[in-house]
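A short write-up of the structure that comes next.
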Amino acid sequence: MIFNVVEEEDKFKVTIEKFILKFPKDLFYSKDDLWVSKDDEIVVIGATDYFQTILSDILFLELEKQVGDEVIPGEEIGSLESVKTVLDIIPAVGGAIVAINEKLEASPEIVNKSAYKEGWILKIKANNLESDLSNLITANEYVQLIREKAEKHYERKERQKEI
């Protein structure tokens, strides 16, 4: 398996096989492959480059919550679907939803094209921001997690070839 990491000033560039992924250093990351940015008490949540790469061509975003609804950290609030698979959206930050990226309803593939900018999923006014952020990991830690996930995925593929 090819796995290479290049650290740049503002991000990590990770090559996994034929895919080049980017992980900005100024974001927080969840083990459920979501990124979090904060602006005072408002956090923006989106799918990481790894998440959208696993999905490939995203066809559908389903959210079970609306603006004003409360989100509990660690609880599924929806999913992103592709031809390949469905992956759950499980935010690590709790609070009231203040915005949902309505562009994704008509064009969910925006997540594939711009995971960290135009492809954000929702904004939350955090209830316990510092506590929730302490459960997230840095870009460097997330890259190590991705290495472990990629190795397990590669090992599974190799075992399937043997069958």
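If R0 is taken as 35 Å, the Cβ-Cβ distance between residue 19 and residue 76 corresponds to a FRET efficiency of 0.85. The ranking of 35, 120 by Cβ neighbour count inside 10 Å, starting from the fewest, reads 120, 35. Evaluating 6.51 cos²θ - 1.76 cosθ + 1.60 at θ = phi - 60° for every residue in the range 119-135, the Karplus couplings come out as x, 4, 9, 8, 10, 10, 8, 5, 7, 10, 3, 4, 5, 5, 5, 5, 8 Hz, glycine and proline recorded as x.
Here the sum of -39500 (n - 2.57) over DSSP H runs of 4 or more residues, divided by the residues of the chain, equals -7500 deg cm²/dmol at 222 nm, to the nearest 500.
Fully extending the segment from residue 62 to residue 103, taken as 0.36 nm per residue of separation minus the present Cα-Cα distance, adds 13.5 nm. Pairs exceeding 18 Å between alpha-carbon atoms, taken from 13/152; 22/123; 38/117; 38/103; 31/152: 13/152; 22/123; 38/103.
A simple rule links phi to the HN-Hα coupling: the Karplus curve 6.51 cos²θ - 1.76 cosθ + 1.60 with θ = phi - 60°, which for the range 52-69 gives 5, 5, 4, 5, 6, 7, 6, 10, 7, 10, 10, 10, 8, 10, 10, 4, x, 6 Hz, with x for Gly and Pro.
With all pairs of separate Cα atoms included, the chain yields a Kirkwood hydrodynamic radius of 16.2 Å.
We did not get these values from a lab; they are worked out from the coordinates using the rules stated. For clarity, every value in this text was computed on a predicted model and none was experimentally measured. Positions of Cβ are generated from backbone atoms using ideal geometry, with glycine treated the same way; all protein chains shown enter the neighbour counts.
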